[in-house]
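Values quoted throughout were computed directly from the atomic coordinates according to the rules given, and no laboratory measurement underlies them. Fair warning: this is a prediction, and the values are worked out from it, not measured in the lab. Virtual Cβ from ideal backbone geometry, glycine too; neighbours counted across all protein chains shown.
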Amino acid sequence: MDVKSIAPCGVICDLCLGFQREKNTCAGCNRTGSKLNHCKVCSITMCPEKKGNSRRLCISCSRFPCKRIKDLDKRYTTKYGESPIQNLRAISRIGMASFVKKQGIKWKCPECGHLLCVHRDVCLNCGAKNKHFPKLKKK
């Protein structure tokens, strides 16, 4: 993981299923290469408040957290147990390099050492349980 791992919205691209899977991978928001369609047309990355700088972190915006970020945060917090808003606040507080280092340690699979996927309850490499994945209530 490196500083290019952090999307403008606070999502950690390296933890995304699209980044980690073997076919039709996504390079991530801040890297050159192929991107998933929803990443190519992302309303947060293309936000007019960024004034053409699609890599600018949303926390630097005077409208932070806007409705787009709040909606994304609600979805990620509920479904995946990860908060893009809290990620951005942590970056603001401790700096990008420190945040990336801490997240690299936090999301390392305890069994095989690969990065866990925020979208899956088990490690994509070895099948070990992802302790960060929320236990959702059954309906």
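Miscellaneous remarks
- Of D73, D121, D14, the residue with the greatest mean-square motion in the GNM of the chain, using alpha carbon springs below 10 Å, is D121.
- Phi-based couplings in Hz for the stretch 33-47 (Karplus 6.51, -1.76, 1.60; Gly and Pro marked x): x, 5, 10, 5, 4, 5, 7, 5, 10, 4, 5, 7, 5, 8, 3
- Amide H contacts of L115: C109, each under 5 Å away and 5 or more positions distant or on a separate chain (H built 1.01 Å from N in the peptide plane; Pro and chain starts excluded).
- Potential lengthening of the chain between D121 and I94 amounts to 6.9 nm, from the contour at 0.36 nm per residue minus the alpha-carbon distance.
- Diffusion coefficient, µm² s⁻¹, Stokes-Einstein with Kirkwood Rh over alpha-carbon pairs of the chain at 37 °C and 0.692 mPa s: 211 µm²/s
- Farthest toward positive dipole pole in the chain [+1 Lys/Arg, -1 Asp/Glu at C-beta], among V3, P48, H132: P48
- Stretch gain in nm, segment L36-R21, where the contour uses 0.36 nm per residue and the Cα spacing is subtracted: 4.2 nm
- When L17, L116 are arranged by Cβ crowding within 10 Å, least crowded first, meaning fewest neighbours, the order is L17, L116.
- Estimated inter-spin distance, K70 and I105, nm [label 7 Å along Cα→Cβ]: 3.4 nm
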